[in-house]
Amino acid sequence: MTSPHPAIRRSFVQTGAGAIHVATAGEAGVPVLLLHQTPRSWDEFRDVLPRLGQRHRAIAIDTAGFGDSCRLPLEEHSIERWAAIAIEVLDRLEISRAVIAGHHTGAVTAMEIAASAPQRVAGLVLSSCPYNDEARRSAHAGKRTIDDVDARPDGSHLQELWQRRQPDYPEGDIDLLSRFMVDAIKAGPMASLGHVVVRNYRMEERIGLVRAPTLVLRAARDRHAAPYAQRVADAIAGSRLVTLAQGMVPMPDQLPEQFSEAIISFIDGIA
């Protein structure tokens with residue numbers, strides 16, 4: 001008989017950058033650190049946490065600049081800084097090794113953690129991870145990001161943001177888009193800058209340093225990330241590529257059961 005889902009507990013962890021908001025579920029098993037996409041928050045994993053928490057110690061954080069975590073000067077944001085802060089959270093929680101699972105932006109940060117602190121990473125889950133190399137940086141340089149809208153007094157920029165994101169969400173699903181909008185509004189300028197931070201990351205110089213067992217999760221209906229999944233998997237020796245056929249940009253909160261099952265199966269295989 002399946003045990004009931006554990007409750008989600010929320011708190012703050014003090015780091016050198018400031019307070020980082022943390023949501024956890026479960027206490028036993030392998031620690032799993034969940035890192036969200038831009039401009040989301042821990043809420044992206046709201047329905048994943050209790051599922052993972054049935055078997056493992058699941059932890060989702062708000063990246064600095066997002067959700068309820070501390071704000072940094074805009075020029076201080078980088079994938080490397082976010083990775084260092086995430087490692088500091090693990091230190092404060094007295095976790096020496098964890099499975100690091102990231103989605104979109106979070107996947108890029110997770111990769112940097114695996115590259116810079118391999119001793120801390122028991123396994124790596126890269127969900128909807130782009131492959132950011134010089135060609136991609138050049139192609140996107142100076143271009144408007146998907147969440148870059150100019151604030152207007154009549155609030156029409158919020159409708160514009162909704163409509164810009166709508167094609168990447170299940171048709172007619174108001175709840176998922178509403179959750180996105182709450183996080184995007186709270187993020188303010190980081191809603192756009194977070195994408196630029198990813199653009200600036202020199203992934204081609206770092207991905208070859210990954211040695212952890214790796215699961216690459218592809219959302220088949222994610223036009224932004226799905227085309228890169230095979231390339232990411234090919235660049236990491238021994239990685240496993242799994243595709244969720246109905247997955248879209250909001251895959252963790254769109255398909256929380258399938259997303260969680262994929263991570264649990266991966267952990268079972270490396271434990």
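The values are calculated or read from the model by the stated rules, or taken from the named source; none is laboratory data. All values derive from a computational prediction rather than experimental measurement. Every residue, glycine as well, gets a Cβ built from its backbone with ideal geometry; the counts of neighbours run over all protein chains shown. Side chains are part of the model used for accessible areas, which takes the heavy atoms of the whole protein and leaves out ligands, DNA and RNA. Shrake-Rupley method; radii C 1.70, N 1.55, O 1.52, S 1.80 Å.
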Report the net charge of residues surrounding G67, where surrounding means a beta-carbon distance below 13 angstrom and charges are Lys +1, Arg +1, Asp -1, Glu -1.
+1
per DSSP, antiparallel bridges as share of beta bridges in the chain, % nearest 5, sits at 30 percent
Average Cα contact separation per residue, the chain, under 8 Å, 6 or more apart, as relative contact order %
20 percent
Residue among P213, P167, P189 with the largest mean-square fluctuation in a Gaussian network model of the chain, springs linking Cα atoms under 10 Å
P167
Which value, in Å² rounded to 10, gives the accessible area of L209 with a 1.4 Å probe and all protein chains present?
80 Å²
What's the percent breakdown of Cα-Cα distances in region 86-187 across 5 Å bins, shortest bin first?
2, 10, 15, 16, 16, 15, 14, 9, 3, 1, 0
S178 to Q14: extension gain in nm, 0.36 nm per residue of separation minus the Cα-Cα distance?
56.1 nm
Most fluctuating of I59, I95, I20 in the GNM of the chain (C-alpha, under 10 Å) is I95
Would you kindly find the accessible area of H77, with a 1.4 Å probe and non-protein molecules such as ligands, DNA and RNA excluded, rounding to the nearest 10 Å²?
20 Å²
Of all GluC sites (Glu not before Pro) in region 160-243, which ones are in loop regions per DSSP and have a Cβ with at most 16 other Cβ atoms within 10 Å?
E171
Stokes-Einstein, Kirkwood over Cα pairs, the chain, 10 °C, 1.306 mPa s; D in µm²/s equals 86 µm²/s
Pick from A235, A110, A226 the residue whose mean-square fluctuation is largest in a GNM of the chain, springs joining Cα atoms under 10 Å.
A235
Compute, for the chain, the length of the dipole vector about the Cα centre, with Cβ point charges of +1 (Lys, Arg) and -1 (Asp, Glu) only. Units Debye, rounded to 20.
380 debye
Label points 7 Å out from Cα along the Cβ direction at S265 and D234: separation in nm?
2.4 nm
First measure r as the distance between the Cβ atoms of R144 and E171, then evaluate 1/(1 + (r/R0)^6) with R0 = 25 Å and state the FRET efficiency to the nearest 0.05.
0.50
per DSSP, antiparallel bridges as share of beta bridges in region 1-99, % nearest 5, sits at 65 percent
Local electrostatic count, A245, Cβ distance below 10 Å [Lys/Arg +1, Asp/Glu -1]
+2
